[in-house]
Amino acid sequence: IGGIVKVLTFREYTVKEDRFDAEIKVPEIQGMDNKDLENSINAKYLEENKKLYEEFMSDMKELKQQDGGYIGAYSGYEVKTDNDTILSVCRWETKTAADSFTVLKYDTIDKKRQILLTLPSLFKDNSYVDIISENIIDQMQKQIKTDEGKIYWLDDGVTMPEDVFKEIDGNQNFYINQDGKLVISFDQFEVAPGYMGTPEFIIPTDVLSDVLVSNEYIK
């Protein structure tokens, strides 16, 4: 590619008051040859964080009128992978009130072709949903057996049926790590209690080998 693709902080929104706290960082991707893709991704990042800030300011105004409450809003980003082929960027948002809630979002870019990768685009057909889901359930069960501090919402006779993790979404959060492995990510409370944070599962490549379109990205 023509230049070096990098991620920088484009804008920050900050509020520091006794009962109200916000620190919102807007990332921006620079250096892509595909300016349409670069601009669309950056517009998305700006819109997400602008919305978070505006919601925070509206809630703060309402709470001030009621003379009560504490709220916080935070966002940031982390470059998970940056090599010759892949740029994977994680954005996170956390809202706090009586409790806190964290949501993650990922973009994985093929730097050579200048395209945005989706989870379905990595596989020949939708059988990957069952294959990955079965592997994650197996990993969850093993973690529970070896670490009493780990809890996942599985079909164990205790978890409410509506909460039981059965399968990933076809467009589940993912990224490709520095070792070329597929990592599936879940939001806080999505598959486990809040104290478990935002669980991640590295999927062994040999489990996926028969359904991968190619080994270009996942090795």
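Using each residue's phi in the stretch 42-59, evaluate 6.51 cos²θ - 1.76 cosθ + 1.60 at θ = phi - 60° and report the 3J(HN,Hα) Karplus result to the nearest Hz, with x for Gly and Pro.
5, 5, 5, 4, 5, 5, 4, 6, 5, 4, 4, 5, 5, 5, 4, 5, 5, 5
How large is the helix-only mean residue ellipticity at 222 nm for the chain, computed as the sum of -39500 (n - 2.57) over DSSP H runs with n ≥ 4, divided by its residue count, in deg cm²/dmol to the nearest 500? Can you show the working numbers first?
Details: 3 runs with 55 residues, N = 219.
Taken over the chain, the calculation gives -8500 deg cm²/dmol.
If you roll a 1.4 Å probe over the stretch 94-219 with all protein chains in place, what percent of the accessible area is carbon or sulfur?
Working: 3450 of 6720 Å².
It is 51 percent, rounded to a whole number.
Residue by residue, what Karplus-based ³J(HN,Hα) values in Hz, rounded to whole numbers, does the stretch 10-22 have, using 6.51, -1.76 and 1.60 with θ = phi - 60° and x for Gly and Pro?
8, 7, 10, 10, 9, 9, 10, 9, 3, 10, 9, 9, 9
Just add up the charged neighbours of residue 12: K/R +1, D/E -1, any other residue whose Cβ is under 13 Å from the Cβ of residue 12.
+2
Where does the charge balance sit around residue 25 when Lys and Arg score +1, Asp and Glu -1, over other residues with C-beta under 12 Å from its C-beta?
-4
Looking at the stretch 147-201, which trypsin sites (Lys or Arg not before Pro) are DSSP coil and have at most 13 other C-beta atoms within 10 Å of their C-beta?
Answer in residue order: 166.
Using modelled backbone amide H atoms (1.01 Å from N, in-plane), which distant-in-sequence or interchain residues come within less than 5 Å of residue 81's amide H?
88
For residue 192, list long-range residues whose amide hydrogen, built 1.01 Å from N in the peptide plane, is under 5 Å from its own amide hydrogen.
153
Over the chain, give the accessible area per residue in Å² for a 1.4 Å probe, as an integer. Don't skip to the end; give the middle numbers.
Details: 11800 Å² over 219 residues.
That works out to 54 Å² per residue.
What is the spin-label model distance, in nm, from residue 213 to residue 19 if the labels are put 7 Å beyond Cα along the C-beta direction?
5.2
Calculate the spin-label point distance for residue 142 paired with residue 110, positioning each point 7 Å from the Cα along the beta-carbon direction, and give it in nanometres.
3.1
Leaving ligands, DNA and RNA out of it, work out the accessible area of residue 142 with a 1.4 Å probe and give it in Å² to the nearest 10.
Approximately 120 Å² of residue 142 is accessible to the 1.4 Å probe.
Which pairs in the list 6/51; 25/80; 44/64; 80/166; 51/95; 105/181 are over 22 Å apart, alpha-carbon to alpha-carbon?
Beyond 22 Å between Cα atoms: 6/51; 44/64; 80/166.
What's the local net charge at residue 48, with K and R +1, D and E -1, over the other residues with C-beta under 10 Å away?
+3
Report, in whole Å, the centroid distance computed from the Cα atoms of the stretch 50-80 and the stretch 104-137.
Using only Cα atoms, the two centres lie 32 Å from each other.
The values are calculated or read from the model by the stated rules, or taken from the named source; none is laboratory data. All of these numbers come straight from a predicted model, not from anything done at the bench. With ideal geometry, Cβ positions are generated from the backbone for all residues, glycine too; neighbour counts draw on all protein chains shown. Just the protein is used for accessible areas: all its heavy atoms, side chains included, with ligands, DNA and RNA removed. Shrake-Rupley method; radii C 1.70, N 1.55, O 1.52, S 1.80 Å.
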